[in-house]
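Heads up, the thing below is written out as structure tokens.
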Amino acid sequence: MLTKAEALAHSVIYRKNSRFDKVKEKSEELTLIGKGRSAYVFALTEGDRKMALKVFFPEYQATAVKEAAIYEKLAGSAFYPDIYETGDSFILMEYIKGETFYNCLKKGIAISDDMIQQVEEALSDARGAGLNPSDIHLRNLILTETGAVRVIDVARFEQTKTCTQWDDLKSAYHALYKKPIFPKKIPGFWLEAIAFLYKKDWFQKRFAQRKRKYS
């Protein structure tokens, strides 16, 4: 017999050839709250408890199993969501209310040294669990209403290659964001443009060119 989480996960039917609106069918109990490369996230409520159900696309079921195992290793850290149930295509977890660092920049919510330090501590916890924190970006860092920082989307924490994404974000925070003249509210299209150029290694190449020029 299926658990309620399994039944709700199985109620989600994805369109095969759609990039942006992939949900074809779902239970009315589920509300879409997030879209990712490998899964969509839905909110559901049981009694007075609100939860998040991450349902993976059929081609990413192996990622569901991998991410569930990683969350199990992180169970002792307060920086990651509590996990209630997992399955072959879903993870039922704690719903974290707050703003992503991405939305903080869009809305002009200040990012502080304390927030950066909390991310550092979260990643240190992951390393202590034998993981390699990777793919840390503005959308998987959440500032809660109490000022605590939480980290989500950990599927790539077992990759072996070195990922400098968090170090690059931290460097940009100290070198640019903290300067008084730097805007603390940034339009979404600028954030998307910066992310696109970063993925294309544009900033890294420009820095390398300048380094060669002045060396």
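Once you put a point 7 Å from the Cα of Ala148 and another 7 Å from the Cα of Ala69, both along the Cβ direction, what distance in nm separates them?
Reported label-point gap for Ala148 and Ala69 is 2.8 nm.
Dipole magnitude of the chain about its Cα centre, charges +1 at Lys/Arg Cβ and -1 at Asp/Glu Cβ only, in debye to the nearest 20?
In debye, rounded to 20, the chain gives about 1600.
For Ile111, which sequence-distant residues (separation of 5 or more, or a different chain) have an amide H within less than 5 Å of its own amide H, given hydrogens modelled in the peptide plane?
Those lying under 5 Å, H to H, from Ile111: there are none.
If you take all C-alpha pairs in the chain, what percent of them are over 31 Å apart?
Looking at the chain, the distances longer than 31 Å represent 26 percent of pairs.
What are the semi-axes of the equivalent ellipsoid for region 1-68, taken as the square roots of 5 times the Cα gyration tensor eigenvalues, largest first, in whole Å?
Value: 19, 14, 12 Å, ordered largest first.
Once amide H atoms are built 1.01 Å from N in the peptide plane, which residues 5 or more positions from Val23, or in another chain, come under 5 Å H to H?
Under 5 Å from the amide H of Val23: Arg15.
What Kirkwood hydrodynamic radius, in Å, does region 109-165 give when the mean of 1/r is taken over all pairs of distinct Cα atoms and then inverted?
That comes to 11.9 Å for region 109-165.
With the Cα gyration tensor of region 78-130 in hand, convert its eigenvalues to equivalent ellipsoid semi-axes via √(5λ) and list them largest first in whole Å.
25, 18, 8
What would the Debye equation give as log₁₀ I(q)/I(0) for region 126-196 at q = 0.15 Å⁻¹, counting only Cα atoms as equal point scatterers?
-0.65
Under 19 Å between alpha carbons, and skipping anything fewer than 8 positions from Lys199 in its own chain: which aspartates and glutamates qualify?
Reachable aspartates and glutamates: Asp135, Asp153, Asp167, Asp168.
For each pair in Lys50/Lys161; Lys26/Lys50; Lys73/Lys185; Lys22/Lys54; Lys24/Lys107, compute the distance between the two Cα atoms and list the pairs where it is over 24 Å.
Lys50/Lys161; Lys73/Lys185; Lys24/Lys107
How long is the gain from Met1 to Ile109 if the chain were fully straight, where each residue apart is worth 0.36 nm and the alpha carbon distance is subtracted?
34.3 nm
Tell me what the chain gives for mean residue ellipticity at 222 nm when only DSSP H runs of n ≥ 4 count, each as -39,500 (n - 2.57), the sum divided by the residue total, rounded to 500 deg cm²/dmol.
For the chain, the value works out to -11000 deg cm²/dmol.
Expressed as a whole percent, how much of the Cα-Cα distance distribution for region 31-148 exceeds 19 Å?
51
What FRET efficiency do you get for Phe182 and Asn140 if R0 is 25 Å and r is their Cβ-Cβ distance, rounded to the nearest 0.05?
Working: r = 23 Å, r/R0 = 0.92.
So, using R0 = 25 Å, E works out to roughly 0.60.
Pulled fully out, how much extra length does the chain show between Asp21 and Lys170, if you take 0.36 nm times their separation in residues and subtract their Cα-Cα distance?
50.4 nm
Keeping all protein chains in position, work out how much accessible area Thr45 exposes to a 1.4 Å probe, and write it in Å² to the nearest 10.
Approximately 80 Å² of Thr45 is accessible to the 1.4 Å probe.
The values are calculated or read from the model by the stated rules, or taken from the named source; none is laboratory data. Note that the structure is a prediction, hence the values are computed from the model and not measured. In this analysis, Cβ positions are derived from the backbone assuming ideal geometry, glycine residues included, and neighbour counts consider all displayed protein chains. With ligands, DNA and RNA removed, areas are computed over all heavy atoms of the protein, side chains included. Shrake-Rupley method; radii C 1.70, N 1.55, O 1.52, S 1.80 Å.
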